[in-house]
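Nothing in this text is a laboratory measurement; each read-out follows from the coordinates by a stated rule. A quick note: this is a predicted structure, and the numbers were derived from the prediction, not measured. Every residue, glycine among them, receives a Cβ derived from its backbone with ideal geometry; neighbour counts consider all protein chains shown.
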2 protein chains.
Amino acid sequence: MSSAALSLARRITSITAHLQSGMARPKVVVTRNLGAEAMRLLDRSDLDVVAWHSETQPCDKKWLYDNIPGATGILLLFSEKVDQEFLDAAGPTLKVVSTMSVGYEHIDVKALAQRGIKLGYTPDVLTEAVADITVMLALMAGRNVKETTTIVQNGQWSAYPWAPYLFCGSQLSANWLQPTRTAGFLGFGRIAQSTLARLLPFGFTRALYTGNPSSQPKPARDAEMHAKYASQGLAEFRRVDIAELARESDVVFVLAPGEPSTYHVVNEEFLRAMKKTAVLVNTSRGSLVDSEALAKACREGWISGAGVDVVEGEPHVPADHPLVKEPRCVVLPHIGSATNETRLGMGTMAINNVIAGVLGGNMPAELNMSR
Amino acid sequence: MSSAALSLARRITSITAHLQSGMARPKVVVTRNLGAEAMRLLDRSDLDVVAWHSETQPCDKKWLYDNIPGATGILLLFSEKVDQEFLDAAGPTLKVVSTMSVGYEHIDVKALAQRGIKLGYTPDVLTEAVADITVMLALMAGRNVKETTTIVQNGQWSAYPWAPYLFCGSQLSANWLQPTRTAGFLGFGRIAQSTLARLLPFGFTRALYTGNPSSQPKPARDAEMHAKYASQGLAEFRRVDIAELARESDVVFVLAPGEPSTYHVVNEEFLRAMKKTAVLVNTSRGSLVDSEALAKACREGWISGAGVDVVEGEPHVPADHPLVKEPRCVVLPHIGSATNETRLGMGTMAINNVIAGVLGGNMPAELNMSR
């Protein structure tokens, strides 16, 4: 061959290799625009990324099922349901599903395990944001925030002259009448631990928790907790049964997973056993709390108030929902992890999970499906 | 005298002494019903107590001026104004005025001093309740609570499908993007100190404060603060000028007294210098903050949000007040100390102040008027 022909042949080979490598780039489907700052991480030459355009609107099902066939990785949110139909549509190329969430109720984990598909999720990164809102709701629940902000918003402040007990609620922090305070945790995982750390300077000296009744006691962990916070005033850290938790706590924090065994664990019996000055906070899952019973407890003064970031049946919570109507119950629309910093962290982790799962690296957070 | 006559004479003497002691009992006027639990403390044979009947309504002026003449002690609230006219009406018997408040803007302190009348007030007892609400407002200001609770109350939750940045605000606690947090205090007294203690587990490692420009630095106190909280992560505690405070803080806490030198110290210049992700909290006095400038700062995104328990001109704060209209500003109707525990503590202290001032004991909290 002439040198010119050789050069041409080399160029063609090179172009073909490039095309083949292009055709072989693993496909990653991303079902939401996660914002420019996060999406930039997916802008790489070794992946073929197909992403839904909108940040606020979920992708439509046609788009999803048009695009997932042949995907190696799929990054998705709560809005997408991963079941057998979904996995059949994606086909045998699928190696990893990455959800931008700490929960995975929308995913058939067993079906993934059977097909050898990895699952990435985003634990831990939202712990501090949720602990923040948990403490905020404990404060709001005791201090008549719902009633008083409504009065201000309606321009009625001047209609309420100062009076010794006007707008008074229960004090979260220790005080001259109650020199110690007791926190009660229904479930004691990472968010509970971060919440407890925040409560210590408020004068909480006792922390009680109930674990899953079928789980083993963890004396070593409990001793470690106690030792860690003893210098900041924690005098007692103890696992108790649910009746003692209800009876002894000045604040009950519902921080357990939403599953059949925890359904309505906060019911009328539990709420009737609580102190009249206590408050209840739920920042985990709505299904743990019987909404009707909680509304009644607030209305009839069994407890001082409540603050919930989650409600059973959400987001279908109408204006006449018993908790929404109840002046002593603050209801937030599941914004526990809703800070720019945390959501960007979750997006970044979900992206790094899908990239590592597809290219064969270590996923920052892979769910252990054998548990 | 016969023994019967002697006995009779003794009985008469005793009755006369009793009547004289009754007539000589010092008069204490109480301008509000402070609730059964507190009022019980005034139920004593050595005082002649005259109390207004209502807990919620201030006493009328006629009742007040009919009753204060000849009083030795007067227990009152913000609703009563103590000026020369008031003191002339009470007359030369008056030894003590006891206000159920930590502030005494309603009292002419100089006039009291000139007449040698003591002033009792109720400091400290409300510190923890106000620190609680200060932290609560710092959390609420960052987390879009006003907007999101309104959506829930209107039954609109289901109209907002989950999206990565829906309802997102600024995170108070340290996070992966911001591993340290800085608290800025405009004024560093007891409430500021209790607030700082509460912030440490949120990951605040720096505390800056500005003092009254005419006051001397307090290096010993500052070193003590730093040493006290160093083990809980406080790396820096420092007095700074107001420009540095605005520039460096992730949260600015307004906790200085309301007086001419602090009028509108938080103005447009201050707010423009703050971080876009920062929030402002005012739980001291409304006059320190320019409401128009703060509303503009929230509206135009100079800062992330604000939470105020006090507003200049309160309680005359109409529904169309710029801060009330502003979605990123939470406004509470001055409920900082409004817990049952703290208000009972304040009432008890005010009562013990007036009793001690009248009968000659040590007043639990007497204002030093020579300062």
Next on the checklist: To test your reading of the geometry: what angle, between 0 and 90 degrees and rounded to tens, separates the Cα axis of helix A:219-230 from the longest principal axis of chain A?
Outcome noted: 70 degrees
Checklist outcome for this item: For the protein assembly as shown, the dipole about the Cα centre with charges only on Cβ (Lys and Arg +1, Asp and Glu -1), to the nearest 20 debye, works out at 1180 debye
Next on the checklist: Normalised by the empirical 2.2 N^0.38 Å for globular proteins, what value does the Cα Rg of region B:90-173 take?
Outcome noted: 1.98
Item to check | Nearest-0.05 FRET efficiency for A:Ser261 and B:Ala235, computed from C-beta distance (R0 35 Å) | outcome: 0.20
Item to check | Stokes-Einstein diffusion coefficient of region B:206-286, Kirkwood radius over Cα pairs, 25 °C, 0.890 mPa s, in µm²/s | outcome: 178 µm²/s
Next on the checklist: With the crude spin-label approximation of a point 7 Å out along Cα→Cβ, what separation in nm comes out for A:Glu292 versus B:Arg299?
Outcome noted: 4.7 nm
Checklist entry - Any idea which of B:Ser249, B:Gly169, B:Ala350 is furthest toward the positive side of the dipole for chain B, if Lys and Arg beta-carbons carry +1 and Asp and Glu beta-carbons -1? => result B:Ala350
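Ranking B:Trp157, A:Trp63 by Cβ neighbours within 10 Å, fewest first, what do you get?
Going from sparsest to densest Cβ surroundings: A:Trp63, B:Trp157.
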Checklist entry - Equivalent-ellipsoid semi-axes (√(5λ), Cα gyration tensor) for region B:295-353, whole Å, largest first? => result 32, 12, 8
Item to check | Proportion of all alpha-carbon pairs of region A:225-371 beyond 21 Å (%) | outcome: 57 percent
Next on the checklist: Under the convention of a label 7 Å out along Cα→Cβ, give the distances in nm from B:Pro213 to the same position in every other copy, shortest first.
Outcome noted: 6.7
Checklist entry - For region A:127-331: lysine pairs with Cα atoms under 24 Å, gap of 8 or more or different chains, count? => result 10
Item to check | Calculated diffusion of chain A, Stokes-Einstein form, Kirkwood radius summed over Cα pairs, 10 °C and 1.306 mPa s, µm²/s | outcome: 68 µm²/s
Item to check | Percentage relative contact order, chain A, counting C-alpha pairs under 8 Å, at least six apart | outcome: 17 percent
Checklist entry - In Å, what is the Rg of the alpha-carbon atoms in region B:328-371, and how long is Dmax? => result 15.3, 52
Checklist entry - What gaps in nm, shortest first, separate A:Pro92 from its twins in the other copies when you place the label 7 Å past Cα toward the beta carbon? => result 11.1
Checklist entry - Could you give the distance between the Cα centres of region B:182-206 and region A:66-133, to the whole Å? => result 41 Å
Checklist outcome for this item: Most exposed to least, judged by fewest other Cβ atoms within 10 Å, A:Lys296, A:Lys61 sort to A:Lys61, A:Lys296
Item to check | Which of A:Leu137, A:Leu332, B:Leu344 has the fewest Cβ neighbours within 10 Å, and the rest in rising order | outcome: B:Leu344, A:Leu332, A:Leu137
Checklist outcome for this item: To the nearest 20 debye, region B:153-261 has a Cα-centred charge dipole, built from +1 on Lys and Arg Cβ and -1 on Asp and Glu Cβ, of 240 debye
Item to check | Helix axis angle, B:3-24 relative to chain B longest principal axis, alpha carbon, degrees | outcome: 30 degrees
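What is the dipole size for chain B, taken about its Cα centre, with +1 at each Lys and Arg Cβ and -1 at each Asp and Glu Cβ, in debye to the nearest 20? The partial results should precede the final answer.
Numbers: 36 positive and 37 negative charges, 152 e Å.
The calculation lands at about 720 debye.
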Checklist entry - What's the percent breakdown of Cα-Cα distances in region A:114-228 across 10 Å bins, shortest bin first? => result 10, 30, 27, 18, 9, 4, 1
Item to check | 7 Å along Cα→Cβ, label-point gaps from B:Arg238 to other copies, nm, shortest first | outcome: 4.6
Checklist entry - Radius of gyration and Dmax for the protein assembly as shown's Cα atoms, expressed in Å? => result 31.6, 157
Next on the checklist: Given the C-alpha atoms of region A:152-298, compute the convex hull and give its volume per residue in Å³.
Outcome noted: 139 Å³
Item to check | Ellipticity estimate at 222 nm from DSSP helix runs (n ≥ 4, -39,500 (n - 2.57)) divided over the protein assembly as shown, nearest 500 | outcome: -11000 deg cm²/dmol
Checklist entry - Quick one: if the Förster radius is 51 Å, what FRET efficiency do B:Ala36 and A:Phe78 give, using the C-beta to C-beta distance and rounding to 0.05? => result 0.45
